[in-house]
1. Using θ = phi - 60° and the Karplus form 6.51 cos²θ - 1.76 cosθ + 1.60, what ³J(HN,Hα) does each residue of the range 13-20 get, whole Hz, x for Gly and Pro?
2. Take the Cβ-Cβ distance between ARG87 and THR3 as r, set R0 to 25 Å, and report the resulting FRET efficiency rounded to the nearest 0.05.
3. Given points 7 Å out from each Cα along the Cα-Cβ axis, report the GLN47 to LEU14 separation in nanometres with one decimal.
4. Mean residue ellipticity at 222 nm from the helices of the chain, using -39,500 (n - 2.57) per DSSP H segment of n ≥ 4 over the full residue count, to the nearest 500 deg cm²/dmol?
5. Just how large is the dipole of the chain about the Cα centre, in debye to the nearest 20, putting +1 at every Lys and Arg Cβ and -1 at every Asp and Glu Cβ?
6. Considering the Cα positions of the chain, please state its Rg to one decimal place and its Dmax as a whole number of Å.
7. For the pair GLN72 and ASN21, how long in nm is the line joining their label points, each one 7 Å along Cα→Cβ?
8. In what sequence, highest mean first, do 26-33, 67-74, 8-15, 79-86 appear when ranked by Cβ atoms within 10 angstrom?
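Computed from the coordinates by the stated procedures, all read-outs in this text should not be read as laboratory data. Since we're looking at a predicted model, the values are computed, not measured. No Cβ is skipped: glycine too gets one built from the backbone with ideal geometry, and neighbour counts run over all protein chains shown.
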Amino acid sequence: MRTTIVGLVTPHLLRVVDLANEAQKGMNVDWHVRDAVAKTMAELADQYNAPTLVAAYVEGLENVAEQAPKFQTDYVRVLKAAAEQARRLRRD
């Protein structure tokens, strides 16, 4: 079986999207988001094509945040925070 970038990144994106949905419902998910992003970055860093995977992850988070309805402020806030954290961890 051949592994693709989409196949490796999508489960990580969906985990953050699920947390963003919970935030929109009123739950405090900040710690969970930070933990999920940190674990994702650590897991993706172990792959041979880590720079490509991390770029796809950050781009995916940004795209989902851009496409979200503007009235879902908590949802968008969580996604943007996750993208920013991933960018910071990528530089470290």
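1. Coupling constants for the range 13-20: 5, 5, 4, 6, 4, 4, 5, 5 Hz.
2. On the way: r = 24 Å, r/R0 = 0.97.
So the FRET efficiency works out to roughly 0.55.
3. 1.5 nm
4. Numbers: 4 runs with 73 residues, N = 92.
Rounded to the nearest 500, it is -27000 deg cm²/dmol.
5. Working: 12 positive and 12 negative charges, 21 e Å.
Dipole size: approximately 100 debye.
6. Every Cα atom of the chain included, Rg and Dmax give 12.8, 41 Å.
7. Label-label distance for GLN72 and ASN21, simple model: 0.9 nm.
8. Working: 26-33: 13.4, 67-74: 11.6, 8-15: 16.9, 79-86: 21.4.
Highest-to-lowest ranking by the protection proxy: 79-86, 8-15, 26-33, 67-74.
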